[in-house]
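The structure appears below as structure tokens.
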Amino acid sequence: MIKLYGAPVVNRILNDINDKLKYLTKNNLIPKLATIRLGENTDDVLYEKSIIKNFNNVGIKTDIYVLPINTKQNTLEKLIKKLNNDETIHGILIFNSLPKYIDESQIKKVIKEQKDVDSISYNNIAKLFIGKKPTFIPCTVAAVIELLDYYNIDVEGKKITIIGRSEIVGKPLSIMLLNKDATVTICHSKTINLIEECQKADILISSVGKANLITDKYINKDQVIIDIGINYVDGKVCGDVAFNSVKDKIKMITPVPGGIGAITTMILIKNTVFNAYNLNVNTKENVSNNFIN
Ligand code: NAP
């Protein structure tokens with residue numbers, strides 16, 4: 001079994017952005033990401049910490065906005081609009097777990113497409129669905145595509161089963177892979193025979209958030225597994241796949257930690273840097289971004 005580590009993919013992306021980052025830094029145009037979190041959701045807090053650390057490591061600034069969980073729609077929209085118009089901000093990330101009373105569809109309209117570095121806006125998503133080039137694709141989706149590309153794993157004609165249909169991972173990833181000529185099956189909590197749907201896949205991708213969901217019953221010996229899940233068991237991070245159960249019975253797997261998660265944060269860095277470059281230096285050119293043909 002081969003482990004598909006994220007680190008070399010991260011290094012390749014870092015290499016790709018290096019010239020632009022140096023240029024921006026030299027000209028005192030430091031890229032800056034603004035993040036918005038409502039409340040104290042643990043996953044959001046941990047992701048925020050990782051963003052601050054990783055952005056700091058490459059010399060990119062972050063503005064961290066933490067609002068109370070009962071923040072009004074109007075206040076949140078006002079903040080997003082302010083950041084949309086702030087020329088020193090090159091990307092806006094709104095953490096996933098917004099309270100139920102917030103009208104997310106409205107938020108997706110308010111965030112400016114060009115600063116929407118994790119691709120939640122209608123324009124970005126719509127472009128992906130009709131096979132046009134979006135300004136950005138969701139960072140986790142881009143991370144999976146970068147990993148497949150780095151390890152020369154061709155998807156054309158392959159059977160790919162994705163478990164999870166969230167708007168930020170499962171759905172856009174399925175469209176992206178479909179656009180790349182894979183035969184995609186999407187599973188979810190109501191899927192009748194999950195084991196069978198997983199067993200038949202050449203590539204199995206799990207984005208559920210349940211530790212040990214995927215055991216050796218779900219797999220086949222030629223399978224590539226991409227584990228997107230992030231779970232905490234006894235204080236340790238693990239994915240959706242019961243690693244010890246499958247490790248001797250599959251072809252390749254992304255480890256957790258050390259797989260997709262690290263690449264996702266690096267894609268966020270890349271998007272912020274490219275945006276800073278395009279907004280400050282390259283305004284006349286088409287925005288170059290994380291879209292991978
Ligand atoms: P989400 O919105 O909670 O979606 C979870 C999906 O899993 C839903 O579609 C749900 O089905 C499905 N599901 C739940 N239980 C299931 C079961 N027993 N069998 C089959 N499907 C089941 O989650 P998400 O935002 O996509 O995130 C999923 C996981 O990925 C989390 O652990 C998250 O932390 C992680 N994540 C990692 C990264 C990274 O960079 N590595 C980035 C984003 C997310 P229904 O639709 O029917 O409810």
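Tell me, what % of the accessible area of the chain is carbon and sulfur with a 1.4 angstrom probe?
On the way: 6940 of 14210 Å².
C and S atoms contribute 49 percent here.
What value, in deg cm²/dmol to 500, does the helix sum -39500 (n - 2.57) over DSSP H runs of n ≥ 4 give at 222 nm once divided by the residues of the chain? Provide the component values of the computation, followed by the final result.
Values: 10 runs with 117 residues, N = 293.
Result for the chain, helices only: -12500 deg cm²/dmol.
Just to be sure I understand: of the beta bridges DSSP finds with both ends in the stretch 145-236, what percent are antiparallel, rounded to 5? All intermediate terms of the calculation are to be shown ahead of the outcome.
Values: 1 of 14 bridges.
Antiparallel bridges: around 5 percent, rounded to the nearest 5.
Checking the Cα-Cα distances for 26/112; 82/133; 61/127; 112/132; 112/133 against a 20 Å cut-off, the pairs over it are 26/112; 82/133; 61/127. Less than 5 angstrom separates the built amide H of residue 205 from those of 161, 162, 163, 226, all sequence-distant by 5 or more or on a different chain.
For residue 230, the amide hydrogen comes within under 5 Å of the amide hydrogens of 209, counting only partners 5 or more places away or on other chains and with H modelled in the peptide plane. Since only 260, 71, 189 are under comparison, the one whose Cα sits farthest along the positive direction of the charge dipole of the chain, derived from C-beta charges on Lys, Arg, Asp and Glu, is 71. Of the residues 86, 154, ranked by 1.4 Å probe accessible area with the largest first, the sequence reads 154, 86.
Computed with a 1.4 Å probe over protein heavy atoms only, the accessible surface of the stretch 207-253 comes to 52 Å² per residue.
Rounded to whole numbers, the Karplus 3J(HN,Hα) couplings from phi for the stretch 111-116 are 5, 5, 3, 6, 9, 7 Hz, using 6.51 cos²θ - 1.76 cosθ + 1.60 with θ = phi - 60°, and x at Gly and Pro. For residue 221, the lysines whose Cα comes closer than 25 Å to its Cα, not counting residues fewer than 8 places off in the same chain, are 3, 158, 159, 180, 200, 210, 247, 249, 251. Using C-alpha pairs below 8 Å separated by at least 6 residues, the relative contact order for the chain is 23 percent.
In the chain, once you exclude exposed trypsin sites (Lys or Arg not before Pro) (DSSP loop, at most 11 other Cβ within 10 angstrom), what's the longest stretch remaining? Numbers along the way, then the final one.
Values: sites that count: 100, 132, 190, 221, 284.
Longest site-free region, per DSSP loop and neighbour criteria: 1-99.
With respect to the chain, whose longest principal axis is taken over its alpha-carbon atoms, helix 42-57 is tilted by about 60°. Expressed to the nearest 5 percent, the antiparallel share of DSSP beta bridges inside the chain is 10 percent. Comparing 25, 42, 60 along the charge dipole axis of the stretch 17-115, the residue lying farthest to the positive side is 25, per the Cβ-charge model.
How much accessible area per residue does the stretch 1-129 have, counting only protein heavy atoms and a probe of 1.4 Å, in square angstrom?
On the way: 6900 Å² over 129 residues.
On a per-residue basis, 54 Å².
3J(HN,Hα) along the stretch 58-71: 9, x, 10, 7, 10, 10, 9, 9, 10, 10, x, 4, 9, 4 Hz, from the Karplus curve 6.51 cos²θ - 1.76 cosθ + 1.60 with θ = phi - 60°, whole Hz, x for Gly and Pro.
The values are calculated or read from the model by the stated rules, or taken from the named source; none is laboratory data. Keep in mind that this is a model prediction, so the values were computed, not measured. Note: ideal-geometry Cβ built from the backbone for every residue, glycine included; neighbour counts use all protein chains shown. For accessibility, only protein heavy atoms count, side chains too; no ligands or nucleic acids. Shrake-Rupley method; radii C 1.70, N 1.55, O 1.52, S 1.80 Å.
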